[in-house]
Amino acid sequence: MSDSADTARVELTGPAADLLRELRQAHGPLMFHQSGGCCDGSAPMCYPAGEFRTGGSDVLLAELAVEGVPEPVPFWMSVSQYERWSHTRLIVDVVEGRGSGFSLEAPEGVRFLIRSRLLAADA
């Protein structure tokens with residue numbers, strides 16, 4: 001699910017793109033996964049590419065192009081979470097504070113956060 005219609009379902013704010021550039025420089029290629037589980041499951045987790053194993057219970061929503069990052073950043077979501085969010089555009093943002101996960105930004109004192117907008121009926 002990474003064609004142009006689905007790619008528009010996920011976007012980055014400026015601060016999120018800035019943070020991804022920093023994380024890419026420090027850790028190499030990156031990926032996102034949003035599980036929908038308990039605790040920080042509703043927050044997207046950023047990992048080194050391939051560190052989180054995806055499978056049949058995950059959907060590739062987008063391959064995010066970030067200026068200054070040589071490769072796209074895949075954004076994966078669990079199928080169960082996708083079923084709940086399928087009518088929304090996901091906006092990856094950054095806020096102050098630490099999440100309680102293994103996401104790469106945690107030591108920076110910030111965390112990724114999803115904001116959302118309903119998609120138009122024809123999207």
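The values are calculated or read from the model by the stated rules, or taken from the named source; none is laboratory data. Because the structure is predicted, anything quoted here is derived from the model rather than measured. Note: ideal-geometry Cβ built from the backbone for every residue, glycine included; neighbour counts use all protein chains shown. The accessibility values were calculated without ligands, DNA or RNA, using every heavy atom of the protein model including side chains. Shrake-Rupley method; radii C 1.70, N 1.55, O 1.52, S 1.80 Å.
The set of residues in region 107-120 that are surrounded by 18 or more Cβ atoms within 10 Å (Cβ to Cβ) and without any contact (Cβ under 8 Å) to a residue 60 or more places away in the chain is empty. A residue that is within 20 Å of A16 (Cα to Cα), at pLDDT 95 or above and open to solvent by 60 Å² or more (accessible area, probe 1.4 Å) cannot be found anywhere in region 32-40.
Taken together, the residues in region 7-36 that are in contact with a strand residue (DSSP E or B) (Cβ under 8 Å, 6 or more places away or on another chain) and among the small types (G, A, S) amount to 5. So for region 28-46 (the condition being part of a loop (DSSP other than H, G, I, E, B), touching a residue at least 24 places away in the same chain (Cβ under 8 Å) and among the hydroxyl-bearing types (S, T, Y)), does at least one residue qualify? Within region 28-46, one or more residues are part of a loop (DSSP other than H, G, I, E, B), touching a residue at least 24 places away in the same chain (Cβ under 8 Å) and among the hydroxyl-bearing types (S, T, Y). Quick check, is E83 out of contact with any Pro (no Cβ under 6 Å at 6 or more places or on another chain), loosely packed, with under 15 Cβ neighbours inside 10 Å, of a type in the set (D, E) and more than 25 Å from G14 (Cβ to Cβ)? When the stated conditions are applied, E83 passes them.
In region 49-63, what count of residues is obtained for those that are touching a residue at least 24 places away in the same chain (Cβ under 8 Å) and either polar (S, T, N, Q) or open to solvent by 80 Å² or more (accessible area, probe 1.4 Å) (or both)? So that I can check it myself, show each step before the final result.
Residues of region 49-63 touching a residue at least 24 places away in the same chain (Cβ under 8 Å): 49, 52, 58-63.
The next check asks that each one be either polar (S, T, N, Q) or open to solvent by 80 Å² or more (accessible area, probe 1.4 Å) (or both); those that pass are 63.
Qualifying residue count for the region: 1.
Number of residues in region 68-123 that are in a strand (DSSP E or B) and of a type in the set (K, R): the value is 4.
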